[in-house]
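Presented below is the structure to which this report refers.
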Amino acid sequence: MTIQETGTARPAGRPRSEKAERAIIEATLDLIGEGMGVSDLSIEAIASRAGVGKTTIYRRWSNKEDLVVDALATLKAPMPRLSGTSVRDDLISLLDAMRAESGQPRSRCVMNIAMSEADRYPRLMERFMKRAVEPRREAMRAVIERGVASGELRADLDVEMGMALLSGAMIWHTKWGPEGELPADLAERVVDAALSGMAP
């Protein structure tokens with residue numbers, strides 16, 4: 001018998017499993033943000049904070065590291081859609097995503113605590129980099145290579161160095177720059193400063 005035949009419909013709102021997953025992710029981030037390092041984090045503590053049973057967590061993640069990787073990945077801003085109209089516009093879009101995600105105090109705190117244990121959990125950090133950071137690096141590399149091919153950027157440009165200049169400048173501002181809200185035009189300023197040395 002179909003839904004149409006019975007006249008009943010699925011209840012409105014998120015499916016229960018999605019709500020539980022969101023609660024688990026938020027509990028993980030909350031505990032880390034409160035100062036609990038990855039080594040001290042336990043499935044029991046996460047389950048208690050999320051209001052779910054441990055089996056609910058283990059149905060979704062086989063271990064703590066998998067859960068932490070997924071939780072940290074949610075702190076990254078969504079990959080921006082690149083227009084492809086100009087190298088400058090696409091680079092600004094990529095860097096502005098970095099500015100947006102770093103503007104969240106909770107995100108900065110959680111990432112700083114988690115990354116402080118990178119040496120102790122190299123597999124976790126390696127998987128996080130592969131899932132959340134590498135796609136952005138590849139997008140930036142593709143934009144710069146496209147710029148070299150189209151003549152928008154110097155033919156002899158060292159692509160890796162160009163990426164380092166752009167990303168490094170943003171990281172400096174987001175992590176070690178002056179306190180307070182980051183300027184809305186920060187990405188544009190960084191890109192224009194870098195392009196002054198990268199353009200033909």
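The values are calculated or read from the model by the stated rules, or taken from the named source; none is laboratory data. Being a predicted model, the structure only gives us computed values, none of them experimental. Note that we place each Cβ from the backbone using ideal geometry, even for glycine, and neighbour counts take in every protein chain shown. For the accessible areas, the whole protein counts, side chains as well, though only heavy atoms, and no ligand, DNA or RNA atoms are used. Shrake-Rupley method; radii C 1.70, N 1.55, O 1.52, S 1.80 Å.
Some points to look at:
- Those trypsin sites (Lys or Arg not before Pro) in segment 95-200 that DSSP places in a loop and that have at most 16 other beta carbons within 10 Å: ARG120, ARG154
- On a per residue basis, the chain carries 58 Å² of accessible surface, using protein heavy atoms and a 1.4 Å probe.
- With at most 10 other Cβ atoms within 10 Å, longest stretch of the chain clear of loop GluC sites (Glu not before Pro) (DSSP): 1-178
- Placed amide H near ALA77: partners under 5 Å, 5+ positions off or other chain: GLU101
- Between helix 186-198 and the chain: long-axis angle, C-alpha atoms, 0 to 90°, nearest 10: 40
- Between helix 134-150 and the chain: long-axis angle, C-alpha atoms, 0 to 90°, nearest 10: 30
- Accessible surface of segment 4-163, 1.4 Å probe, proportion on carbon and sulfur as whole %: 50
- Label of the coordinate-derived value, mean projected area of the Cα convex hull in nm², listed as (1) 13.3; (2) 10.9; (3) 15.9: (3)
- Over the residues of the chain, the helix contribution to mean residue ellipticity at 222 nm works out to -18500 deg cm²/dmol, using -39500 (n - 2.57) for each DSSP H run of at least 4.
- Degrees, to the nearest 10: 105-115 long Cα axis against longest axis of the chain: 90
- Cut-off 11 Å between beta-carbons: net charge of the residues surrounding ARG137, Lys and Arg +1, Asp and Glu -1: 0
- Table column - 3J(HN,Hα) (Hz), segment 72-84, Karplus curve with 6.51, -1.76, 1.60, x for Gly and Pro: 5, 4, 5, 7, 6, 4, x, 4, x, 7, 9, 6, x
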